[in-house]
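K.L.:
I'd like to ask some things about the structure below.
The values are calculated or read from the model by the stated rules, or taken from the named source; none is laboratory data. These numbers come from a predicted model, not from an experiment. Every residue, glycine among them, receives a Cβ derived from its backbone with ideal geometry; neighbour counts consider all protein chains shown. Remember, those area values only see protein heavy atoms, side chains included, never the ligands or the DNA or RNA. Shrake-Rupley method; radii C 1.70, N 1.55, O 1.52, S 1.80 Å.
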Amino acid sequence: MNFDYLRERMVNENLFSRGIKNERVLNAFKKVPRENFIPEEEKLHAYEDHPIPIGNGQTISQPYIVSYMIEKLNLDSKDVLEIGTGSGYQTALLAEIFEEVYTIEKIEKLQIKAKNVLESLGYKNIIYKTGNGINGWKGKSFSNIIVSAAARHFPDKLFEQLKIDGVMIIPIGETFFQNLYKITKKDENNIEKEELIGVRFVPLVDD
């Protein structure tokens with residue numbers, strides 16, 4: 001299986017041709033081996049443009065949606081908080097773009113597996129935490145927050161951890177369908193909220 005060829009084709013056919021134009025985002029997708037982040041029995045489908053189960057009721061997201069979300073971040077800043085490490089694939093993509101990646105995963109088994117893969121690929125700019133992502137990262141603030149699970153309501157704790165002019169990309173809605181939002185923090189009390197596209201993510205647990 002020529003994964004390098006399939007990776008290049010995925011980027012050209014499923015990302016670039018559908019409007020993803022940022023070179024840093026495209027180059028990250030060309031570099032990160034998605035096949036390393038999925039179960040062995042699913043590797044043949046590594047570069048198809050759809051989610052793939054990774055166990056524990058979780059999935060690795062559709063590449064196009066991941067690229068769309070990342071491209072909406074403030075890519076000229078240095079740091080990002082990722083809510084939902086999952087397989088670690090999006091974490092790797094973020095680590096190709098940002099100097100500092102903070103990532104939270106509630107399911108410890110997934111966090112450990114993702115960390116092992118990411119470290120095997122040589123990433124040293126990722127800080128890991130196991131816990132409920134809806135609470136964010138206490139004591140820190142971020143230029144970007146990207147949420148890989150759907151919230152029912154706007155999470156105030158995450159908004160508080162955004163820096164001024166910081167950007168949050170988050171799906172909000174019910175269990176089977178959500179809207180993706182870009183939220184920009186203008187000051188401590190004001191946000192700019194842009195509705196993007198319809199998506200479907202696993203729920204962000206709030207207990």
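K.L.:
Collect residues whose amide H, placed 1.01 Å from N in the peptide plane, falls under 5 Å from the amide H of Thr59; neighbours closer than 5 in sequence don't count.
P.N.:
The answer is Ile54.
K.L.:
Can I ask one more? Report the FRET efficiency, 1/(1 + (r/R0)^6), for His153 and Lys21, where r is their Cβ-Cβ distance and R0 is 41 Å, rounded to 0.05.
P.N.:
On the way: r = 32 Å, r/R0 = 0.79.
Working from the Cβ atoms, E equals 0.80.
K.L.:
Related question: Can you list the HN-Hα couplings for the stretch 126-139, worked out from phi with the Karplus curve (6.51, -1.76, 1.60; θ = phi - 60°), rounded to whole Hz and with x for Gly and Pro?
P.N.:
For the stretch 126-139, the Karplus-derived couplings read 10, 10, 10, 8, 9, x, 7, x, 5, 8, x, 10, 4, x Hz, x marking Gly and Pro.
K.L.:
Counting only residues 5 or more places away or on other chains, whose amide H sits under 5 Å from the amide H of Thr85 once H atoms are built in the peptide plane?
P.N.:
Excluding prolines and chain starts, which carry no amide H, the hits are Ile104, Glu105, Lys106.
K.L.:
Non-local amide H neighbours of Phe142 (under 5 Å, H modeled in plane, Pro and chain starts lacking H): which ones?
P.N.:
Leu162, Lys163
K.L.:
Quick check: at a probe of 1.4 Å, how many percent of the accessible area of the chain sits on carbon and sulfur atoms?
P.N.:
Within the chain, the accessible surface is 47 percent carbon and sulfur.
K.L.:
Under a 10 Å cutoff between Cα atoms, tell me which one of Leu180, Leu93, Leu44 has the largest fluctuation in the Gaussian network model of the chain.
P.N.:
Evaluated over the chain, the most mobile residue of the options is Leu44.
K.L.:
Using only the heavy atoms of the protein chains and a 1.4 Å probe, how would Arg34, Arg9 rank by accessible area, largest first?
P.N.:
The ranking, largest first, comes out as Arg9, Arg34.
K.L.:
Report the gain in length on full extension from Lys30 to Arg200: 0.36 nm times residue separation, minus Cα-Cα distance, nm rounded to one decimal. Don't skip to the end; give the middle numbers.
P.N.:
Working: separation 170, 0.36 × 170 = 61.20 nm, distance 2.46 nm.
In short, 58.7 nm is gained.
K.L.:
Of the chain, which part is the longest with no chymotrypsin sites (Phe, Trp or Tyr not before Pro) in a loop (DSSP not H, G, I, E, B) and with at most 16 other C-beta atoms within 10 angstrom?
P.N.:
Answer from the scan: 1-175.
K.L.:
Provide the gained length on full extension for the span Thr130 to Asn56, in nm with one decimal, where the gain is 0.36 nm per separating residue minus the Cα-Cα distance.
P.N.:
Value of the extension gain: 25.1 nm.
K.L.:
Apply the Karplus curve 6.51 cos²θ - 1.76 cosθ + 1.60, θ = phi - 60°, to the phi angles in the stretch 46-58 and return the couplings in whole Hz, x for Gly and Pro.
P.N.:
Computed from phi, the couplings for the stretch 46-58 are 4, 10, 7, 8, 7, x, 9, x, 10, x, 6, x, 10 Hz.
K.L.:
Taking 8 Å as the Cα distance limit and 6 or more residues as the minimum spacing, I'd like the relative contact order of the chain as a percentage.
P.N.:
After rounding, I find 15 percent.
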